[in-house]
Amino acid sequence: MRTDAAVIFDVDGVLLDLTRPEEDAFFWPFAELHGLTGLSRDWDGYRIRNDEDIILEILEGHFGRAPTPQEHRAVIDTYIGYMDANLRQKRLTPETVSGAAELLAGLAGKARLGIATANLLEVAARRLAACGLWDGLKDLGFGANGGGAKREILARAIKTLNLPRERIVFIGDNLNDVEAGLANNVHFIGFSVDPAKTRRLAAAGAERICNHHRDTLKHIKDALNI
């Protein structure tokens, strides 16, 4: 495998489509442990779009104080356990974005591949594994663990790479992904099958935009000259 370049992916909207049952699973522990229902599903409406931070914010609103580490951890562990059981028993079936498997296959051996996601890494790994995508990404896996905005998650991934920034590509589908790519001074590719969303990505500063992964592959090869 070539180690002089890296391609880092956001997960939801780029490699996997977040399904309603998977979204329900994130909120299930709040109902199970604290009787909380009807919680906002506007991910951008929370202070920080990161699973760990969203859990903290919801618990703060419920308790009227900062949750203890044990209270915070209980929700995380319940969520991971719930996802693990439902994926193993195939009550939840993650859905792959069209062309994602072919994109990863087309990059195999050409660069280091990984993820920078605002989902808990344990959950992202299980969902990707269920679709047969995790093995090629697991050596560079970074998630919500440790908190922080997407730019911070991406920065943690980049810190493990002994590479110039121009040898790194990050692919995302949200405005916080654009900001993360620009803040970390790496190549950014905005991806979405929604034309309105690609226009927003472009307006936010994404110079490379695509709506199919065959074009994503072309942009990656062009950016990294591979």
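The values are calculated or read from the model by the stated rules, or taken from the named source; none is laboratory data. Bear in mind that the values here come from a model prediction, so they are computed numbers and not experimental data. All Cβ positions, even for glycine, are placed from backbone atoms using ideal geometry, and neighbour counts span all protein chains on display. All accessible areas refer to the heavy atoms of the entire protein, side chains included, with ligands and DNA or RNA removed. Shrake-Rupley method; radii C 1.70, N 1.55, O 1.52, S 1.80 Å.
Any residue at all in the stretch 32-44 that's in a helix (DSSP H, G or I), within 24 Å of the chain's Cα centre (by Cα) and modelled with pLDDT under 95? Even if it seems obvious, please write down each step before you answer.
Within the stretch 32-44, the subset in a helix (DSSP H, G or I) is 32-34, 43-44.
Right, trim to within 24 Å of the chain's Cα centre (by Cα) and you get 43-44.
Filter again for modelled with pLDDT under 95, leaving 43-44.
Looking through the stretch 32-44, at least one residue is in a helix (DSSP H, G or I), within 24 Å of the chain's Cα centre (by Cα) and modelled with pLDDT under 95.
Among what's in the stretch 161-177 and is open to solvent by 50 Å² or more (accessible area, probe 1.4 Å) and of a type in the set (D, E, K, R), pick the residue that is farthest from D139 (Cα to Cα). If you could, list the steps in order and put the result at the bottom.
To start, the set of residues in the stretch 161-177 that are open to solvent by 50 Å² or more (accessible area, probe 1.4 Å) comprises 162, 164-166, 175.
Now restrict to residues that are of a type in the set (D, E, K, R): 165-166.
Working: R165: 19, E166: 20 Å.
The qualifying residue farthest from D139 (Cα to Cα) is E166.
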For the stretch 134-148, what are the residues that are open to solvent by less than 10 Å² (accessible area, probe 1.4 Å) and touching a strand residue (DSSP E or B) at 6+ places or on another chain (Cβ under 7 Å)?
L137, L140
Any residue in the stretch 43-57 that is surrounded by fewer than 20 Cβ atoms within 10 Å (Cβ to Cβ) sitting within a Cβ distance under 6 Å of a residue that is among the β-branched types (V, I, T)? List the pairs, counting only those 6 or more apart or interchain.
Y46/I54
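Take L92 and tell me if it is closer than 30 Å to I189 by Cα and in a strand (DSSP E or B).
Values: closer than 30 Å to I189 by Cα: yes; in a strand (DSSP E or B): no.
No, not satisfied.
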Does at least one position in the stretch 11-26 carry a residue that is in contact with a helix residue (DSSP H, G or I) (Cβ under 7 Å, 6 or more places away or on another chain), open to solvent by 20 Å² or more (accessible area, probe 1.4 Å) and not in a loop (DSSP other than H, G, I, E, B)?
no
Which listed residue is touching a residue at least 24 places away in the same chain (Cβ under 8 Å), surrounded by 18 or more Cβ atoms within 10 Å (Cβ to Cβ) and either polar (S, T, N, Q) or within 26 Å of D51 (Cα to Cα) (or both), from A180, A223
A180
Flag for T96 being over 19 Å from I226 (Cα atoms), among the β-branched types (V, I, T) and crowded, with 23+ Cβ neighbours inside 10 Å
no
Would the stretch 77-89 turn up any residue that is assigned to a loop (DSSP other than H, G, I, E, B) and free of Cβ contacts under 8 Å to residues at least 12 places away in the same chain?
yes
Looking at R200, R127, R214, R151, which one is in contact (Cβ under 8 Å) with a residue 40 or more places away in the chain, surrounded by fewer than 20 Cβ atoms within 10 Å (Cβ to Cβ) and in a helix (DSSP H, G or I)?
R214
